[in-house]
Amino acid sequence: MTTEKIRPYSPDDIESVLDIWESASRVGHPFLSESFLTEGREKIRREYMPMATTWIFEEGGTSVGFISLIGEEVGALFVDPAVHRRGVGRALMDFAKRKRAALELGVFVSNTAGRAFYEECGFVTTSEYLDAETGHPILRMSYQSVGT
């Protein structure tokens, strides 16, 4: 995968971003309730997208993944399940690592595929806490580029 397919988010992307988030959340977070997913879509639209810097991964003119950064926080990294394991997530994470020398994120403990992915990307667990909204445990992970 190359970064030529990664471009800045535009407000016209909102529906595709929300669709990717929801479909990927259903795969990676099957324990989330329908009400959480419904409310999450609106919260992302109203609160998170306006405060984040987001990049879209396009394949054949179609958005298939995105990464959102809020400072050094990876607020979101989601890939359409139809293209999982094809390097989209890795390309987005590598892109973010070129933008920031240090990154942090939270991942649900039960999201074993997500945890493994972040570990492969060089993230290490720094703490664990209970998510107030879902009641599920989250691992706090961080990445520091070599030489910083």
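Things worth noting here:
- Total residues in the stretch 121-132, condition in contact with a strand residue (DSSP E or B) (Cβ under 9 Å, 6 or more places away or on another chain), of a type in the set (Gly, Ala, Ser) and not in a strand (DSSP E or B): 1
- Search result, residues across the stretch 105-120 that are open to solvent by 50 Å² or more (accessible area, probe 1.4 Å) and outside any helix (DSSP H, G or I): Ser110
- One residue stands out among those in the stretch 50-93 that are part of a helix (DSSP H, G or I) and open to solvent by 20 Å² or more (accessible area, probe 1.4 Å): the one that is nearest to Gly122 (Cα to Cα), which is Arg90.
- Taking the conditions (1) under 25 Å from Gly40 (Cα atoms); (2) surrounded by fewer than 19 Cβ atoms within 10 Å (Cβ to Cβ) in turn, Ala102 satisfies each one other than (1).
Quick grid of which residues meet (1) modelled with pLDDT of 90 or more; (2) open to solvent by 50 Å² or more (accessible area, probe 1.4 Å); (3) polar (S, T, N, Q):
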{"residue": "Thr3", "(1), (2), (3)": "no, yes, yes"}
{"residue": "Ile6", "(1), (2), (3)": "yes, no, no"}
{"residue": "Pro11", "(1), (2), (3)": "yes, yes, no"}
{"residue": "Ile14", "(1), (2), (3)": "yes, no, no"}
{"residue": "Asp19", "(1), (2), (3)": "yes, yes, no"}
{"residue": "Ala24", "(1), (2), (3)": "yes, no, no"}
{"residue": "Val27", "(1), (2), (3)": "yes, yes, no"}
{"residue": "Glu34", "(1), (2), (3)": "yes, yes, no"}
{"residue": "Lys43", "(1), (2), (3)": "yes, yes, no"}
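- Of the residues examined, Phe123 is not one that is under 13 Å from the mean Cα position of the chain (by Cα) and either open to solvent by less than 50 Å² (accessible area, probe 1.4 Å) or touching a residue at least 12 places away in the same chain (Cβ under 8 Å) (or both).
- Failed item in (1) closer than 23 Å to Leu139 by Cα; (2) assigned to a strand (DSSP E or B); (3) in contact with a Phe, Trp or Tyr (Cβ under 8 Å, 6 or more places away or on another chain), with Arg7 passing the rest: (1)
- Checked against (1) aliphatic (A, V, I, L, M); (2) closer than 23 Å to Glu22 by Cα; (3) touching a Lys or Arg at 6+ places or on another chain (Cβ under 8 Å), Leu130 passes all but a single condition, namely (3).
- Test: residue in the stretch 133-141 that is open to solvent by 50 Å² or more (accessible area, probe 1.4 Å), out of contact with any strand residue (DSSP E or B) (no Cβ under 7 Å at 6 or more places or on another chain) and in a helix (DSSP H, G or I): no
- Pairs, first closer than 21 Å to Gly71 by Cβ in the stretch 84-100, second open to solvent by 60 Å² or more (accessible area, probe 1.4 Å), C-beta under 8 Å, six or more apart: Arg100/Glu72
- Pairs with Cβ under 7 Å, 6+ apart, first in the stretch 17-30 and in contact (Cβ under 8 Å) with a residue 24 or more places away in the chain and under 17 Å from Ile56 (Cα atoms), second open to solvent by 30 Å² or more (accessible area, probe 1.4 Å) and not aromatic (Phe, Trp, Tyr): Leu18/Arg41; Leu18/Arg45; Ile20/Asp80; Ser23/Asp80; Ser23/Pro81; Ala24/Asp80; Ala24/Pro81
The values are calculated or read from the model by the stated rules, or taken from the named source; none is laboratory data. Since the model is a prediction, treat every value here as computed from it, not as a measurement. Note that each Cβ is placed from the backbone with ideal geometry, even for glycine, and that neighbours are counted across all protein chains shown. SASA here: full protein model, heavy atoms, side chains in, ligands and nucleic acids out. Shrake-Rupley method; radii C 1.70, N 1.55, O 1.52, S 1.80 Å.
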